[in-house]
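First the structure, which I've put down as structure tokens, then a few questions once you've had a look.
Bear in mind these aren't lab numbers, they're just calculated from the coordinates by the rules spelled out. If you're wondering where the values come from, they're calculated on a predicted model, not measured in any experiment. For neighbour counting, all protein chains shown are included, and Cβ atoms are generated from backbone atoms with ideal geometry for every residue, glycine included.
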Amino acid sequence: MLEFPNVLCSQNAVTAAGNLLISIHKMVSQTQLPNEKQLIQDESDRLIDDLIPNLCTIINTTATRSLAQIALDTIKSILEEFKVDMLKHMALFEKIAHSVQKVLAYKTKCQQESDEDNEENGGGEGRDQDGRDDAEYDAMLITTGGDLLPVLTSIACAGNVQFFPGYLASVIPKLQKRL
């Protein structure tokens, strides 16, 4: 997912990987046989341990806003499916929260790229290739990041997550400044 030279391939890979993980997680609740259920649960755990760090890396390091947007949307779908099961993966949950915080603070690579960098690279896979105005796409990223906050909060409240009150205390004032 991280190495595809074509942005559309990366976007499709991110979406497909997220959908696969969601489907496997749904199978866990639908399977009746204990041995089968454990095998499916183990595979779901293995996939989430592989996928979430990759999605967070994409969000933080890609120069392509549309890819970051799709990675955020995929994480949101995964969190909505996993809900409190995500608490078994606390390090991943925290990694997601910090990636969202970077988006909300305009600190991801795609939000930092300047038009000069894009011109020097001949357009490359940078911001202009998204075909949208910079401010509009930044607003979309911020909106998606903001949409993840209620999902993260509901999961954190269900599990009494220790880092989360401090996390919200740092994120909310920044959001209020933007209102």
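Condition first: part of a helix (DSSP H, G or I), among the hydrophobic types (A, V, I, L, M, F, W, C), over 14 Å from the mean Cα position of the chain (by Cα) and farther than 17 Å from C157 by Cα. Now tell me which residues in the range 54-109 satisfy that.
Listed by number, the list is empty, since nothing qualifies.
Would you mention how many residues in the range 20-45 are closer than 15 Å to I75 by Cα and out of contact with any helix residue (DSSP H, G or I) (no Cβ under 8 Å at 6 or more places or on another chain)?
Of the residues in the range 20-45, 1 are closer than 15 Å to I75 by Cα and out of contact with any helix residue (DSSP H, G or I) (no Cβ under 8 Å at 6 or more places or on another chain).
Moving to a separate point now. List pairs: first residue in the range 142-170 and on the phi < 0 side of the Ramachandran plot and in contact (Cβ under 8 Å) with a residue 60 or more places away in the chain, second residue basic (K, R) and not in a loop (DSSP other than H, G, I, E, B) anywhere in the structure, Cβ distance under 6 angstrom, at least six positions apart or on different chains.
Here the result reads L148/K76, each pair linking the range 142-170 to a residue that is basic (K, R) and not in a loop (DSSP other than H, G, I, E, B).
Next question. For the range 8-48, which positions are among the polar types (S, T, N, Q) and either within 20 Å of T62 (Cβ to Cβ) or surrounded by fewer than 17 Cβ atoms within 10 Å (Cβ to Cβ) (or both)? Write out each step before concluding.
Start the filter on the range 8-48 by keeping residues that are among the polar types (S, T, N, Q), which leaves 10-12, 15, 19, 23, 29-32, 35, 38, 41, 44.
Passing the criteria: S10, Q11, N12, T15, N19, S23, S29, Q30, T31, Q32, N35, Q38.
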